[in-house]
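Single-structure report; data block below.
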Amino acid sequence: MTVILKAKPVIESLTTSLTADAAHVTATLGRKPHLTVVLVGDDPASAIYVRNKQRRAEEVGVQSETIRLNADVSQAEVVAKVQQLNADPAVDGIIVQLPLPNQIDADVIINTIADAKDVDGFTLAATGRLWTLPKNSQATVGPCTPLGIMALLDYYGIDVAGKNAVIVGRSNIVGKPMAAMLLNRGATVTIAHSQTTDLKAATQTADIIVAATGRRNLITADMVKPGATIIDVGMNRYVDAAGKKHLTGDVDYANVAPIAGAITPVPGGVGPMTVNMLLKQTIAAAARTAA
Ligand code: GUN
């Protein structure tokens with residue numbers, strides 16, 4: 001029987017701990033932990049993520065604020081906004097929603113975020129720390145999607161030590177930090193990507209596949225070893241011939257699920273974990289100020 005790695009029970013258990021931790025910080029600081037999201041332009045997917053963040057923040061007792069900037073804002077203006085938030089003692093965590101418009105260098109903006117307020121784990125300092133963690137220790141600060149995947153694997157008791165993990169996708173948001181986290185927990189890690197010449201040869205030997213490419217149905221049943229754990233980070237929207245809208249991952253779920261040992265559904269798998277890790281890191285950042 002394939003185990004379906006649903007986020008719901010993990011999130012239910014996280015609700016208890018996040019709510020308690022946020023309440024503790026609120027009692028100490030005399031205010032709720034505060035997350036500020038900077039949203040530039042009007043990317044529709046980003047707008048949905050930001051709305052979900054706001055809703056979940058309220059549920060667990062985190063104050064979430066969104067600063068909206070016009071799509072034509074200059075890089076200097078975004079830098080100035082982030083610097084202002086860095087200096088504001090009422091702000092515990094800052095994220096700048098990606099992607100950013102072309103006139104803005106995302107690296108410059110990300111690295112303007114103060115280390116203590118970097119709840120996305122995208123800065124150079126956070127990246128360096130992630131790659132230099134002591135062996136077998138658990139990353140506590142880092143990019144939220146791979147952290148959420150680790151939390152999902154831990155909740156379902158999937159041990160990664162000694163396993164062959166193949167990550168498909170080499171982004172700074174998912175693929176690369178995922179590699180660091182799995183490696184640190186004892187997996188043997190391969191990162192495959194769009195220039196990998198024989199993707200199937202790589203994935204066929206994998207005990208764990210993490211697909212993060214944004215290409216629908218990239219991972220098909222013939223590429224998967226029976227019993228493998230399949231983590232699908234894809235969020236691909238498409239409209240079928242009948243005009244019906246769908247959200248699917250990077251994995252051909254209908255054909256892969258029957259042979260997998262465990263698989264994340266889309267939606268309801270990796271996606272909802274990300275925002276919970278963001279709130280966890282925001283509460284932790286606030287707790288450090290309170291200490
Ligand atoms: N865009 C897609 N995922 C993320 C994320 O985790 N953080 C930020 N800031 N932007 C994103």
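Laboratory data are not the source of any read-out in this text; all were calculated from the coordinates shown. Please read all numbers here as calculations on a predicted model, not as lab measurements. Glycine gets a Cβ as well: all are built from the backbone with ideal geometry, and neighbour counts include every protein chain shown.
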Scope region 263-291; condition buried (at least 20 other Cβ atoms within 10 Å of the Cβ) and over 17 Å from T36 (Cα atoms); matching residues:
I263, T264, V266, G269, V270, G271, M273
Taking region 233-291 as the region of interest, how many residues are assigned to a loop (DSSP other than H, G, I, E, B), more than 16 Å from C144 (Cβ to Cβ) and more than 16 Å from the ligand (Cβ to nearest atom)?
14
Mind listing just one residue for me: the one in region 36-47 that is outside any strand (DSSP E or B), surrounded by 14 or more Cβ atoms within 10 Å (Cβ to Cβ) and in contact (Cβ under 8 Å) with a residue 12 or more places away in the chain and, of those, nearest to the ligand (Cβ to nearest atom)?
S46
In the set S64, S17, S74, S13, which member is surrounded by 15 or more Cβ atoms within 10 Å (Cβ to Cβ) and either in contact with a strand residue (DSSP E or B) (Cβ under 7 Å, 6 or more places away or on another chain) or farther than 28 Å from Y238 by Cα (or both)?
S64
Within the set of pairs 6+ apart or on separate chains, which have a first residue in region 217-234 that is closer than 8 Å to A260 by Cβ and touching a residue at least 60 places away in the same chain (Cβ under 8 Å), a second that is buried (at least 22 other Cβ atoms within 10 Å of the Cβ) and of a type in the set (V, I, T), and C-beta atoms under 7 Å apart?
T229/I208
Hey, which of the helices (runs of 4 or more DSSP H) in region 86-199, taking only ones fully inside, have at least 3 residues that are farther than 30 Å from M223 by Cα and within 16 Å of the ligand (Cβ to nearest atom)?
106-110, 124-131
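Any residue at all in region 5-25 that's assigned to a loop (DSSP other than H, G, I, E, B), over 16 Å from I283 (Cβ atoms), away from the ligand (no atom under 15 Å from the Cβ) and charged (D, E, K, R)?
Start the filter on region 5-25 by keeping residues that are assigned to a loop (DSSP other than H, G, I, E, B), which leaves 5-6.
Remaining after also requiring over 16 Å from I283 (Cβ atoms): 5-6.
Next, from what is left, pick out any that are away from the ligand (no atom under 15 Å from the Cβ): 5-6.
Right, trim to charged (D, E, K, R) and you get 6.
Within region 5-25 (the criterion being assigned to a loop (DSSP other than H, G, I, E, B), over 16 Å from I283 (Cβ atoms), away from the ligand (no atom under 15 Å from the Cβ) and charged (D, E, K, R)), the answer is yes, since at least one residue qualifies.
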Would you confirm whether or not region 61-78 contains a residue that is of a type in the set (S, T, N, Q) and closer than 30 Å to P258 by Cβ?
no
Cβ-Cβ distance below 6 Å, separation of 6 or more or different chains: which pairs start in region 138-156 with a residue that is free of Cβ contacts under 8 Å to residues at least 40 places away in the same chain and farther than 17 Å from I173 by Cβ and end on one that is hydrophobic (A, V, I, L, M, F, W, C) and within 11 Å of the ligand (Cβ to nearest atom)?
none
Tell me yes or no: at least one residue of region 48-64 is within 12 Å of the ligand (Cβ to nearest atom), in a strand (DSSP E or B) and closer than 30 Å to S17 by Cα.
no
Name every residue in region 156-178 that is crowded, with 17+ Cβ neighbours inside 10 Å and either in contact with a Ser or Thr (Cβ under 6 Å, 6 or more places away or on another chain) or within 23 Å of V3 (Cα to Cα) (or both), in order of residue number.
I158, V160, K163, N164, A165, V166, I167, V168, G169, V174, M178
Restricting to region 200-211, name every residue that is in a loop (DSSP other than H, G, I, E, B) and either over 14 Å from V251 (Cβ atoms) or touching a residue at least 60 places away in the same chain (Cβ under 8 Å) (or both).
T205, D207
Can you name the residue in region 90-110 that is free of Cβ contacts under 8 Å to residues at least 24 places away in the same chain and loosely packed, with under 15 Cβ neighbours inside 10 Å and, of all such residues, is farthest from T289 (Cα to Cα)?
N102
